[in-house]
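Working notes, structure below.
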Amino acid sequence: MSANDISRLINGFGRFRARQYEQDPSAFEQLASQGQSPKVMMIACCDSRVDPAIITDSAPGEIFVIRNVANLVPPCEFDGHYHGTSAALEFGVCSLEVEHIIVFGHAKCGGIRTLMEGVKGGQGPGEFVSPWMAIAAEARQHTLEMCAGESIDAQSRACEQAAILTSLKNLMTFPWIRRRVEQGVLQLHGWYFDIERGELLGYNPVLSCFEVKN
């Protein structure tokens, strides 16, 4: 990032302060003094093109966002290692008591593409990305079986959506999530943003497919 890139970000903060903070400083004072109480948690990809707050036109404090490579949820594990996504899930569910968790996938996901094609020697990240993407290995295998002979683009799209279902299944391995879902105080959702078509799709568990929501 060049100095001009940094200056652009600082100038952007100036516009944010003038357009939002200075227009309604009491809202930010309330957020500072009373803390956050979002009703929705979104598990989104760290892809720079897919910002869930921008896409859903959400204000500060409205959604609690977890971002990682390919918006994946690992299964619940207690192995003594670092678990950033699991820690954020625990905080959002047990401390903030969110009422909805949305796994928010998207088209043209680089992580899923890496999963489908594999990491080529010296041509991409692999030391951390590949083990992380193994969370979606089941989604990859399902895609290869169901979409055999189709193009890599078609397979990647299918796997992007299948990986959302894997994450939804993994969410239910956390006891405090499963308990709240069974009690009816927490709902799980699978969403898919088609960046090419500008469409938002939601998973319909009754029809077992993704449907356009807008």
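The test for being basic (Lys, Arg) and either closer than 22 Å to Glu77 by Cβ or in a helix (DSSP H, G or I) (or both) does not hold for Lys108. Evaluate the following for Pro74: is it within 30 Å of Leu201 (Cα to Cα) and surrounded by 10 or more Cβ atoms within 10 Å (Cβ to Cβ)? Taking the combined requirement at face value, the residue satisfies it. With respect to Gly122, is the statement that it is exposed (fewer than 14 other Cβ atoms within 10 Å of the Cβ), at positive phi and either at pLDDT 95 or above or not in a helix (DSSP H, G or I) (or both) true? Here the answer is yes, as Gly122 does meet what is asked.
Give me the residue from region 160-183 that is without any contact (Cβ under 8 Å) to a residue 24 or more places away in the chain and more than 23 Å from Cys209 (Cα to Cα) and, out of that set, surrounded by the most Cβ atoms within 10 Å (Cβ to Cβ). Among those residues, the one meeting the criterion is Arg179. Hey, does region 53-61 have a residue that's closer than 18 Å to Asn170 by Cβ and surrounded by 15 or more Cβ atoms within 10 Å (Cβ to Cβ)? No: region 53-61 contains no residue that is closer than 18 Å to Asn170 by Cβ and surrounded by 15 or more Cβ atoms within 10 Å (Cβ to Cβ). Of the numbered conditions (1) surrounded by 10 or more Cβ atoms within 10 Å (Cβ to Cβ); (2) within 27 Å of the chain's Cα centre (by Cα); (3) assigned to a helix (DSSP H, G or I), Ala18 fails exactly one; give the number of that condition. If we test Ala18 against (1) surrounded by 10 or more Cβ atoms within 10 Å (Cβ to Cβ); (2) within 27 Å of the chain's Cα centre (by Cα); (3) assigned to a helix (DSSP H, G or I), just (2) comes out false.
Mind checking which residues of region 77-114 are over 17 Å from the mean Cα position of the chain (by Cα) and modelled with pLDDT of 95 or more? If the condition is that a residue be over 17 Å from the mean Cα position of the chain (by Cα) and modelled with pLDDT of 95 or more, then Cys94, Ser95, Leu96, Glu97 are the ones that fit. How about region 163-198: which of its residues are over 14 Å from the mean Cα position of the chain (by Cα) and either assigned to a helix (DSSP H, G or I) or among the small types (Gly, Ala, Ser) (or both)? Hits for region 163-198 are Lys169, Pro175, Trp176, Ile177, Arg178, Arg179, Arg180, Val181, Glu182, Gln183, Gly184, Gly198. A search for C-beta distances below 7 Å between a residue of region 93-111 that is more than 30 Å from Asp153 (Cα to Cα) and any residue that is among the basic types (Lys, Arg) and surrounded by fewer than 17 Cβ atoms within 10 Å (Cβ to Cβ), counting only pairs 6+ apart in sequence or on different chains, returns Val98/Lys39; Glu99/Lys39; His100/Lys39. What about Thr114, is it more than 16 Å from Arg67 (Cβ to Cβ), of a type in the set (Val, Ile, Thr) and in a helix (DSSP H, G or I)? Here the answer is yes, as Thr114 does meet what is asked.
Could you list, in sequence order, all residues of region 68-105 that are assigned to a loop (DSSP other than H, G, I, E, B) and under 21 Å from Glu160 (Cβ atoms)? Leu72, Val73, Pro74, Pro75 - these are the residues of region 68-105 that are assigned to a loop (DSSP other than H, G, I, E, B) and under 21 Å from Glu160 (Cβ atoms).
Evaluated against (1) without any contact (Cβ under 8 Å) to a residue 60 or more places away in the chain; (2) closer than 24 Å to Leu207 by Cβ; (3) touching an Asp or Glu at 6+ places or on another chain (Cβ under 8 Å); (4) of a type in the set (A, V, I, L, M, F, W, C), Ile152 falls short on exactly one condition, (2).
The values are calculated or read from the model by the stated rules, or taken from the named source; none is laboratory data. Computed from a prediction, not measured in an experiment: that's the story for all the values here. Note that we place each Cβ from the backbone using ideal geometry, even for glycine, and neighbour counts take in every protein chain shown.
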